[in-house]
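The values are calculated or read from the model by the stated rules, or taken from the named source; none is laboratory data. Every value quoted in this text rests on a predicted model; they were computed, and no experiment measured them. Ideal geometry is used to build each Cβ from the backbone, glycine not excepted, and the neighbour counts take in all protein chains shown. Note: accessible area is taken over every heavy atom of the protein model, side chains too, but ligands, DNA and RNA are not part of it. Shrake-Rupley method; radii C 1.70, N 1.55, O 1.52, S 1.80 Å.
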Amino acid sequence: MMDSYGRNINYLRLSVTGMCNLRCSYCMPEKGIKKKAHKEILSLETIEQIAVSAVKLGFEKIRITGGEPLVRKGIIDVIEEIAQLKKHGLKDLGLTTNGTLLRNYAEQLKKAGLTRVNISLDSLNPDKYSQITRGGRLSDVLEGIQAAKEAKLLPLKLNVVLIGGFNDEEIDEFVNLTLEDDVEVRFIELMPIGEASRWDQEHFLTGSEILKRVPELLPLAVKGQGAVARLYKLQNSKGRVGIISPLSNHFCNYCNRIRITPDGKLKPCLHSDLELDIRNYGEDYERFLLDGICAKPNRHYIQNENYEPILRNMNEIGG
């Protein structure tokens, strides 16, 4: 489906929960969040019907997000139902996870029809990982990564939010993971959303910092409509490095996605407070999606002086 600016919108991010078993400091308040009443969040059946409508409209890629999607009861059944849409035009069904529960779910997810996973990992140091996640264990994620490999949830991507003064000294270590492992390590600029909008400026580094620290990275051609990562690799490495720069080098001109939050709001743009409420559409999910596509703005304005950060935290929106 084409939006008002000629972009082909074919990628839907569906958040199934705002809950998470971690409390990453840039994503969620320290005290956590209040659990929403059952009636306030989308039912699994509605999530499945939204996916059906999306594929009818021409969406080719769906990513399940959270919070942490694997804490949502019935998530395997949802994946299995949505995966059936591969017979009707769906090409890619992914999931973004913190990886801590993957050792228990990876094989089930693969059998259910999941294509691949992206795993969030902001430090390779156990103490720093525990600090940023407020109590998470790095060993759980590493076991989850191994389980994803064994289940062949590929290509495997590791999402690293680049934070000045926290993990920028680990850039080389992250990049070196790609030497012997066919994995894509993706550095993502920290965005001023929710909790992070109040952080000091020194924490916000541009993606170019990666190339300054590791100048031997070689650029690769980017393939695929809507690709947001600039890709690089080390000489003779098995894996790749991606740099995602939504602030310093935005990709709004070919953004191909819309998001739906766990409480049923469609966000045409991550960096805008504009939301469409599914409750205003009855069961006309196609119209809900079409109106969201039509409402998609030309670009974000984060770097304008009068920009005001969006009100929601990332866990409430979906990664």
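Listed by chain and number, the lysines whose C-alpha is less than 22 Å from the C-alpha of Lys39, apart from same-chain residues fewer than 8 away, are Lys73, Lys265, Lys267.
Of Lys87/Lys111; Lys61/Lys87; Lys36/Lys296; Lys61/Lys233, which ones are farther than 24 Å apart at the Cα? Show your work: numbers first, answer last.
Details: Lys87/Lys111 16 Å; Lys61/Lys87 13 Å; Lys36/Lys296 27 Å; Lys61/Lys233 26 Å.
Violating the 24 Å Cα-Cα cut-off are Lys36/Lys296; Lys61/Lys233.
Counted residue by residue at 0.36 nm each, then reduced by the alpha carbon distance between them, the extension gain from Asp77 to Lys56 reaches 5.5 nm.
Calculate, for His88 and Arg134, the FRET efficiency according to 1/(1 + (r/R0)^6) with r their C-beta to C-beta distance and R0 41 Å; round to the nearest 0.05.
After rounding to 0.05, the efficiency reads 0.50.
The charge dipole of the chain, taken about the Cα centre with unit charges on the Cβ atoms of Lys, Arg (+1) and Asp, Glu (-1), comes to about 760 debye, rounded to the nearest 20.
Farthest toward the positive end of the dipole of the stretch 242-319, out of Asn249, His300, Leu266, is the Cα of Asn249, where the dipole comes from beta carbon charges about the Cα centre.
If R0 is 51 Å, what FRET efficiency do you get for Arg213 and Glu45 from their C-beta distance, rounded to 0.05?
Taking R0 as 51 Å, the efficiency between Arg213 and Glu45 is 0.60.
Summing charges over neighbours of Met19, with a neighbour being any other residue whose Cβ is under 9 Å away from its Cβ, gives +2 when K and R count +1 and D and E count -1. Checking Cβ-Cβ separations below 4.7 Å across the chain identifies Cys20, Cys252, Cys255, Cys269, Cys294 as cysteines lacking any candidate disulfide partner.
Using a 1.4 angstrom probe on the protein heavy atoms only, could you order Asp277, Asp172, Asp200 from most to least accessible area?
From most exposed to least exposed: Asp200, Asp172, Asp277.
Residues with beta-carbon under 10 Å from that of Ile171, excluding Ile171: net charge, scoring Lys, Arg +1 and Asp, Glu -1? Here the charged neighbours net out to -4. Taking a ≥ b ≥ c as the square roots of the eigenvalues of the alpha carbon gyration tensor, the stretch 145-218 is oblate, as a/c is not under 1.5 and a/b does not beat b/c.
How much FRET efficiency would the formula 1/(1 + (r/R0)^6) give for Lys149 and Arg287, where r is the Cβ-Cβ distance and R0 is 45 Å, rounded to 0.05? Computed FRET efficiency for Lys149 and Arg287: 0.65.
Per residue, the chain reaches -7500 deg cm²/dmol at 222 nm when only DSSP H runs of four or more residues are counted, each adding -39500 (n - 2.57). Apolar share of the accessible surface for the chain: 48 percent from carbon plus sulfur atoms, 1.4 Å probe. With contacts taken as Cα pairs under 8 Å at a separation of at least 6 residues, the stretch 1-158 carries a relative contact order of 24 percent.
The alpha carbon centroids of the stretch 109-129 and the stretch 190-262 are separated by 18 Å.
Quantify how much of the Cα-Cα distance distribution of the stretch 1-65 extends past 20 Å, in percent. Taking all Cα-Cα pairs of the stretch 1-65, the fraction more than 20 Å apart is 47 percent. Only protein heavy atoms count here; under a 1.4 Å probe, Tyr307 has an accessible surface of about 50 Å². Charge tally around Met1: other residues with Cβ under 14 Å, Lys/Arg +1 each, Asp/Glu -1 each, net +2.
This structure gives Cα extents along the principal axes in Å, computed directly, and of [x] 52, 47, 42; [y] 106, 35, 33; [z] 62, 47, 36 that value is listed as [x]. Ranking Asn21, Tyr285, Leu121 by how far each Cα lies toward the positive end of the dipole of the chain (charges on Cβ) leaves Tyr285 at the top.
How big is the charge dipole of the stretch 113-169 about its Cα centre, in debye rounded to the nearest 20, if each Lys and Arg gets +1 on its Cβ and each Asp and Glu gets -1 on its Cβ? Please list the in-between numbers first.
Details: 7 positive and 7 negative charges, 54 e Å.
Here the stretch 113-169 has a charge dipole of around 260 debye.
Computed with a 1.4 Å probe over protein heavy atoms only, the accessible surface of the chain comes to 46 Å² per residue.
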